Structure formats: structure tokens, C-alpha cells
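The structure appears right after this line, and notes come after that.
The values are calculated or read from the model by the stated rules, or taken from the named source; none is laboratory data. In this text, all values refer to a predicted model and were calculated from it rather than measured experimentally. Positions of Cβ are backbone-derived with ideal geometry, glycine not excepted, and every protein chain shown enters the neighbour counts. The accessibility values were calculated without ligands, DNA or RNA, using every heavy atom of the protein model including side chains. Shrake-Rupley method; radii C 1.70, N 1.55, O 1.52, S 1.80 Å.
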Amino acid sequence: MSQNNVIENKSVDYVPENERHGKARSLFTLWFCTNIAPLAVVTGAISTQTYHLNILSAMTAIIAGHLFGGLFLALTSAQGPRVGIPQMVQSRAQFGRYGSLLVICFTTAIYLGFFISNVTLSGKVINNVIPALPIHSATILGAIAATLIGIVGYRFIHHINKVGAWVMGIALVVGMIVMLGSPLPVDFWQRGSFTLNGWFATFCICAVWQISFSPYTSDYSRYLPANIGVFKPFICTWLGACCGTILAFLFGVVAVNLVGGEGDAMAAVRQATGWLGPILMVLFLLNIICHNSMNLYGSVLSLITAVQTFRPAWLPAARVRVIFSALVLVGGVLVSLAASANFVSFFLNLIWALIGVLIPWSVINLLDFYVVKQQRYDIPSIFRADGGRYGLVNANALLIYFGGVVVQIPFVENAFFTGPYAHLIPGADISWVISLVVTSSAYLLFHKKGAQLAAPQQQRAQ
């Protein structure tokens with residue numbers, strides 16, 4: 001991406017070495033700022049509101065869960081400088097050119113869903129901050145702002161999050177000081193209790209939160225120089241994502257415990273932070289818009305990847321990305337404006353249910369890149385019409401992937417389905433753990449067997 005281009009001139013094609021730029025530390029600010037969001041605050045409050053943990057138990061579960069789940073996010077992020085292509089394009093190396101379409105479709109649906117949901121949320125927050133602005137106008141304004149950031153692209157997204165990391169970080173630290181410096185309820189630290197089920201349920205929520213970002217992490221590291229290695233982007237992403245989310249989750253925990261009751265966590269934040277409350281609401285609004293620009297950017301790259309699968313010679317540049325962004329903007333706004341409150345709730349539940357399909361993908365992606373292929377991919381093959389050495393469909397990888405999805409079903413509990421073993425650990429969704437163990441074991445065993453079969457053939461050839 002040339003320094004002279006205001007709008008990023010690439011979409012899903014390879015970033016050559018002479019266009020690489022930046023430092024790994026930009027990944028810290030990107031993922032730190034992205035995760036300081038209202039949804040993170042609300043989700044963190046669940047640990048005491050729903051699972052009734054005391055604050056110290058909630059803290060340990062939140063910290064442990066994010067540190068564990070963040071490993072998956074950071075390991076996918078570290079692939080970007082090595083391959084120089086978006087995450088979903090890279091999936092062709094694991095599933096084949098056409099085989100990757102299934103995962104691309106799932107990922108696109110999930111992030112389009114998050115974009116639409118955040119469009120609705122930003123409209124409500126803008127209307128709350130500026131009551132004179134009608135809710136429909138506020139919704140359109142928030143969507144346009146997020147889309148413009150996404151259109152400008154990679155460099156601007158990094159820059160705006162670099163500033164946002166300092167602003168949001170300082171604001172939340174000051175807010176935490178304000179809350180803890182005020183008179184605390186006498187039972188503030190003793191309210192609730194430690195339960196293994198509640199602790200593990202909170203741990204699972206935090207881990208899955210981090211893993212859900214994995215399908216587009218390398219989209220934001222692919223412009224870094226290839227010689228930067230793996231460790232620096234890994235550690236910067238891991239620390240940024242974990243620190244930002246842990247801070248936001250704990251912010252929600254402290255706020256609801258200070259105010260008391262089972263009410264809305266964001267309302268509790270506004271009340272508990274006193275004079276800082278209105279300022280925080282404005283900052284959270286800006287954060288929603290910036291975060292949603294990443295949902296748009298990732299979903300647009302995934303949509304272009306899906307189309308480009310059938311047009312191998314087509315390497316779309318900035319104009320195509322702008323057109324796709326405009327289409328997503330219009331579609332997202334129309335759905336958001338037409339949807340009732342009940343539909344939005346249904347839509348979010350559907351998206352969270354779909355996240356289960358990302359778990360086996362994440363396992364296969366990481367094992368293939370770091371263990372099987374040992375960080376070496378044939379980039380020209382990924383773009384070849386016949387799939388090159390990766391072929392059109394990798395049936396074995398897809399079979400293992402489907403197995404990783406299906407094995408979750410007996411343990412799943414969501415708004416649409418409860419499996420027969422969903423309450424094996426009451427209150428905790430362990431389906432992702434089952435999938436993680438089964439998928440990783442099956443993928444490693446398959447490749448170990450393949451290597452053993454290949455060895456005698458190589459010896460005979462010699």
C-alpha cells in the first residue's frame with residue numbers, strides 16, 4: 001500500500017515485500033482498543049449477575065479465560081507477516097480452493113451479523129447522546145461513519161485505534177479509580193461466592209470471545225514486513241487483546257457490583273462513574289463505530305474472497321472494495337431499520353450459535369500452519385485456478401472440520417437447541433472444548449498416518 005494512497009489499494013491479493021510497513025506494536029493498540037467495547041462491559045458483568053461469583057473469583061476466571069483464548073487469536077495474527085494475505089484467502093491452503101468456501105460463507109455471515117447488530121447499537125447510543133437526532137437518522141449516521149473508516153482501510157484502522165487505545169485506556173483506568181474511590185457497599189467484596197460451575201462458565205465465555213476474532217486477525221497484520229518473525233506479532237496481539245478485554249470485562253463487574261441489582265450494565269457504568277459517565281458514553285459510541293469498521297472490513301474481504309474463488313485471474317483493487325462496502329452499508333442499514341427489537345435479539349443469538357463453527361476451523365488453521373506446514377505456504381498455489389498443490393477440495397480436512405462441528409451438538413446450549421449433555425457442567429457451554437480436543441487429535445493423527453504411509457514410498461523411490 002503506497003504512502004500516497006488515501007484509500008487502501010488492495011483487497012485480497014498478496015502484499016509484496018516492497019509494500020510492507022509498520023511495527024508489531026501497532027497490533028497491541030489495535031486489539032487493545034477494539035476490545036474496550038460496551039458488549040465487553042456487559043458480558044463481563046454476567047460473571048456476577050448471572051453466575052453470582054464474588055469479585056475475586058470473577059477476576060480470576062476472566063483473566064484466565066482471556067489469556068487462554070487469546071493464544072488462538074494471537075497465533076492466527078502472527079501468520080499475517082509470513083503469508084501477506086487475508087485470513088480467509090489463506091484457508092485455501094487447508095481446505096482447497098473450493099473447499100474453503102464453506103468456512104468463508106460462515107465467517108462472512110457472522111461478521112455481517114455483527115456489523116448489522118452494531119449498526120443498531122450505535123444508532124441507539126447516538127440517539128441517547130443526542131436525543132434531538134431521530135433514531136433512524138442516528139442509525140444511518142453510525143453506519144456511514146463505520147463504513148468510511150473501513151473503506152479507507154488498513155492504515156487508517158490502525159491509526160485510529162492507536163489513538164483510541166490511549167484515550168479509551170486512560171478513560172477506563174480513571175473510571176475504575178473513580179468507582180473504587182467512592183464509598184463501596186459493605187458487602188462489595190463478599191457479595192456472591194466461588195462456584196466451580198460459575199467459574200468455568202465465565203472462563204469459557206472469555207475464551208470463546210477471543211477465539212471468535214480469529215478468522216480475520218491476519219487481515220490486520222499482513223502488511224507487516226515478513227522478516228518481523230512470528231513472536232513479535234504474537235506477543236503484541238496477545239497482550240493487546242487480553243489487556244483490553246480484561247479491563248473492559250472487569251469494568252463491568254465493578255460497576256454492577258457497586259450499583260447493585262440485575263439491571264443494565266451500561267446504565268450501571270454511567271451511574272457508578274459519576275461525572276465521568278457522560279464522557280464514557282461518548283467514548284464508547286466512538287469505539288462502537290471504530291470496532292464496526294473492522295466488522296465491515298473483514299466481511300467485505302471475505303465476500304470478495306468468495307467471488308474471487310470463481311474468478312482466479314481477477315485481482316480486485318480499491319474500487320471493488322468500495323463498491324462491496326457500499327453494498328454492505330445499504331443492506332446493513334435496511335435490515336437494521338426494518339428489524340424489530342425481538343428480531344435483533346434473535347439475530348444476535350443466531351450469530352453466537354454460528355460461532356461454534358469457528359472452533360474446528362481455528363484448530364485446523366493453527367495446526368496446519370505451525371505443525372504440518374511449519375509456517376511455509378506456497379502463495380502462488382493459493383491463487384491458482386486449479387488450487388496448485390492444495391487442490392480444489394481437501395476432502396480429508398473438510399471431513400475433520402465437519403466432525404469438529406458435529407461433535408459439539410450433544411453438548412450445545414443456545415437459544416435454538418439444547419443437547420442431551422448440555423448440562424454436564426451446569427451453566428457452562430463446554431461444546432467448544434470437546435470440539436477443540438477432537439478436531440486437534442483427528443487432524444494430527446491423520447497427518448501422522450499420512451507421513452508414515454509416505455515414508456516407505458520415498459524410500460522405494462530412493
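If the requirement is being within 24 Å of ILE355 (Cβ to Cβ) and at pLDDT 95 or above, which of these qualifies: GLY69, GLY113, GLY175?
Just one listed residue meets the conditions, GLY69.
Quick check on region 357-376. Is at least one of its residues open to solvent by 30 Å² or more (accessible area, probe 1.4 Å), at pLDDT below 95 and hydroxyl-bearing (Ser, Thr, Tyr)?
Looking through region 357-376, none of the residues is open to solvent by 30 Å² or more (accessible area, probe 1.4 Å), at pLDDT below 95 and hydroxyl-bearing (Ser, Thr, Tyr).
Tell me which residues, restricted to region 431-459, are among the small types (Gly, Ala, Ser) and either at pLDDT 85 or above or open to solvent by 70 Å² or more (accessible area, probe 1.4 Å) (or both).
Correct list: SER431, SER435, SER440, SER441, ALA442.
Of THR120, THR34, THR108, which residue is touching a His at 6+ places or on another chain (Cβ under 6 Å) and in contact (Cβ under 8 Å) with a residue 40 or more places away in the chain?
THR34
Can you name the condition, by its number, that GLY229 falls short on among (1) open to solvent by 10 Å² or more (accessible area, probe 1.4 Å); (2) on the phi < 0 side of the Ramachandran plot?
Checking GLY229 against (1) open to solvent by 10 Å² or more (accessible area, probe 1.4 Å); (2) on the phi < 0 side of the Ramachandran plot, the one that fails is (2).
Go through (1) part of a helix (DSSP H, G or I); (2) open to solvent by 50 Å² or more (accessible area, probe 1.4 Å) and name the single condition GLU262 misses.
Condition not satisfied by GLU262: (1).
What do you reckon, is PHE72 aromatic (Phe, Trp, Tyr), more than 13 Å from the chain's Cα centre (by Cα), under 27 Å from LEU366 (Cα atoms) and open to solvent by 10 Å² or more (accessible area, probe 1.4 Å)?
For PHE72, the condition - aromatic (Phe, Trp, Tyr), more than 13 Å from the chain's Cα centre (by Cα), under 27 Å from LEU366 (Cα atoms) and open to solvent by 10 Å² or more (accessible area, probe 1.4 Å) - is not met.
Can you spot a residue in region 23-30 that is open to solvent by 20 Å² or more (accessible area, probe 1.4 Å) and in a loop (DSSP other than H, G, I, E, B)?
Yes: region 23-30 contains one or more residues that are open to solvent by 20 Å² or more (accessible area, probe 1.4 Å) and in a loop (DSSP other than H, G, I, E, B).
Residues are listed down the side, and each one gets a yes or a no for (1) in contact with a Phe, Trp or Tyr (Cβ under 7 Å, 6 or more places away or on another chain); (2) touching a residue at least 60 places away in the same chain (Cβ under 8 Å):
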| position | (1), (2) |
| --- | --- |
| ALA267 | no, no |
| LEU276 | no, yes |
| LEU283 | no, yes |
| SER299 | yes, yes |
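Please count how many residues of region 363-380 are closer than 23 Å to VAL15 by Cα and either touching a residue at least 12 places away in the same chain (Cβ under 8 Å) or charged (D, E, K, R) (or both).
11
Specify the residue that is farthest from the chain's Cα centre (by Cα); the eligible residues are those in region 128-184 that are more than 19 Å from TRP31 (Cβ to Cβ) and part of a loop (DSSP other than H, G, I, E, B).
PRO183
Just to verify a result, which residue in region 407-430, among those that are open to solvent by less than 40 Å² (accessible area, probe 1.4 Å) and touching a strand residue (DSSP E or B) at 6+ places or on another chain (Cβ under 8 Å), is farthest from CYS204 (Cα to Cα)?
GLY419
If I go through region 113-164 residue by residue, how many of them are under 15 Å from CYS33 (Cβ atoms), among the hydrophobic types (A, V, I, L, M, F, W, C) and open to solvent by 30 Å² or more (accessible area, probe 1.4 Å)?
Looking only at that region, the number is 3.
Here are some conditions: (1) within 20 Å of the chain's Cα centre (by Cα); (2) surrounded by 14 or more Cβ atoms within 10 Å (Cβ to Cβ); (3) at pLDDT below 95. TYR401 meets all but one. Which one does it not meet?
Single failed check for TYR401: (3).
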